[in-house]
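**Q** Have a look at the structure that comes next, please.
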Amino acid sequence: MRRFKLAGGNGEMFWLEGDEFRHLTTVLRLGAGARIVGFDGDRSYVGIIAGIEDGRAWCRVESTLAATGEPAAAVYLALGLLKGDKMELALQKGVELGMAGFIPLAAARSVARPDERRQETRRARREKIAAAAVKQCGRIRAPEIFPTSEWKDLPDLLPRDTRYFLAWEEEKKRSFRAELAGVDWARPLAILIGPEGGFTRAEAMAATVELKATPVSLGARILRAETAALAALTMALGAAGDLG
C-alpha cells in the first residue's frame, strides 16, 4: 500500500492535504475505496479513502500499525558542506539508515560555502528530500534538518549529553568500531564527518577540546566524504542494534 504523511486525524478518520493530496489524486489517481497507509510522527494507520472534496482526501481508519521503522538510538550526522548533490545523497540515505538529525557543517576545507541568501531555500529542499525518504523507507518521523552551522553552534543544537565522534584520517589508534562497543545508547551520539579534504588538524583539535569529541578511524582506506558519512552511520546504528 502507498504511504502518505497525513495532515490530521482524530483516531477514526485521517485526511490528506497539499502535496500529499495532489500525489494521491493527480499522480496515483486513487479514489474512494482504495486502501492507503497514513502516518504522522507517532504512529501509522491503514485507511480506506472515504471521500475526496475541496482539496482534501478523507480516510476511514481501518487499523493502527505498530511503529517499527524508527530507530531506538539517536544518531546525528554533522557533515562538512560538500559540492554538487553529494549533501543531498548523504541526507537521503542517512534518513533511510535511521539518523535522528542532519547538520550541514561549515568547515575550513569545504569547497561549497554557506550562502545566507539561499539558506532557507536549501533547508526547505532538504526537508522535502527527507520527507520523501521517510515515506519510502517506512519511517514515521522525519529527522530534524538543521541550518548550516559552525562548530560553536553544535552544543546548542544537540542535546546536552550528546557524545561526539570525529572521523579523522590521521587517527591511527582508535577505531570507530572498537569505540562503539562502549557506547551508552541511552545518550545521543553525533558523528562528525569532514568535507572534501577532511578536517584540518586545528579543527580536529578544537573538536576534542570544545566538544570533547573522540577522534576515530573508519578503516584503512580513505573514503569520500559522502561514503564516510554513510559508512559511519551504518556502523553506529548497527552497533546500536537498529541495523542487521
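We did not get these values from a lab; they are worked out from the coordinates using the rules stated. It should be emphasised that the depicted structure is a prediction, and the values quoted were computed from it without experimental measurement. Every residue, glycine among them, receives a Cβ derived from its backbone with ideal geometry; neighbour counts consider all protein chains shown.
**Q** I need the peptides 3-9, 149-155 ranked by packing, meaning the mean over residues of other C-beta atoms within 10 angstrom, with the highest value on top. Please report the intermediate quantities before stating the final value.
**A** On the way: 3-9: 18.1, 149-155: 15.1.
Put in order of decreasing packing, that is 3-9, 149-155.
**Q** Students often check this: by mean Cβ neighbours within 10 Å, which of 124-135, 79-90, 10-21 ranks highest, and how do the rest follow? Display every interim value, and only then the final one.
**A** Working: 124-135: 17.2, 79-90: 19.0, 10-21: 15.4.
With the highest mean Cβ count within 10 Å placed first, the list reads 79-90, 124-135, 10-21.
**Q** Let me ask something additional. So, counting K/R as plus one and D/E as minus one, what does the shell of residues with Cβ under 11 Å around A220 add up to?
**A** Neighbour charge sum, excluding A220 itself: +1.
**Q** Give me P(r) over region 86-142, computed from all C-alpha to C-alpha distances, binned every 5 Å, as integer percentages.
**A** Result, from short to long distances: 4, 18, 28, 23, 15, 8, 4, 0 percent.
**Q** Related question: Where both residues lie in the chain, what percent of DSSP beta bridges are antiparallel, nearest 5? Show your work: numbers first, answer last.
**A** On the way: 20 of 44 bridges.
So the antiparallel bridges in the chain amount to around 45 percent.
**Q** Give the distance, in whole Å, between the Cα centre of region 90-138 and the Cα centre of region 1-45.
**A** Rounded to whole Å, the Cα centres lie 25 Å apart.
**Q** Still on this structure: For region 3-65, just say rounded, prolate or oblate: build the C-alpha gyration tensor, square-root its eigenvalues into a ≥ b ≥ c, call rounded for a/c under 1.5, and beyond that prolate if a/b exceeds b/c, oblate if not.
**A** Values: a/c = 1.62, a/b = 1.41, b/c = 1.15.
The shape class here is prolate.
**Q** Return P(r) of region 107-244 (all Cα-Cα pairs; 10 Å bins starting at 0; whole %; ordered from short to long distances).
**A** Binned Cα distances yield the sequence 10, 37, 40, 13, 0.
**Q** When the helices in the chain are scored as -39500 (n - 2.57) per DSSP H run of 4 or longer and the sum is shared across all residues, what 222 nm value do you end up with, to the nearest 500 deg cm²/dmol?
**A** Values: 7 runs with 70 residues, N = 244.
Helices in the chain give a 222 nm mean residue ellipticity of -8500 deg cm²/dmol.
**Q** Straight-line reach from K86: which lysines have a Cα under 23 Å away, not including same-chain ones fewer than 8 places off?
**A** By straight Cα distance, K86 reaches K128, K135.
**Q** Moving on. Which peptide among 229-237, 157-165, 170-178 comes first, and what is the full order, when sorted by highest mean count of other Cβ atoms within 10 Å? Provide the component values of the computation, followed by the final result.
**A** Numbers: 229-237: 23.2, 157-165: 16.6, 170-178: 13.4.
The densest-packed peptide leads the list: 229-237, 157-165, 170-178.
**Q** Have a look at the chain and give its Rg and Dmax from the Cα atoms, expressed in angstrom.
**A** In Å, with Rg to one decimal and Dmax whole: 20.0, 63.
**Q** Separate question: What three numbers, in Å, describe the spread of the alpha carbons of region 34-86 along their principal axes, ordered from the longest?
**A** Largest first, region 34-86 extends 47, 29, 15 Å along its Cα principal axes.
**Q** Given L218, V27, T121, which one lies farthest toward the positive end of the charge dipole of the chain, if we put +1 on the Cβ of every Lys and Arg and -1 on the Cβ of every Asp and Glu?
**A** Toward the positive end, the furthest listed residue is L218.
**Q** Next up: For K212, list the lysines whose Cα falls under 21 Å from its own Cα; do not include residues on the same chain fewer than 8 positions away.
**A** Of all the lysines, those that pass the test against K212 - Cα under 21 Å, at least 8 places apart if same chain - are K152, K172, K173.
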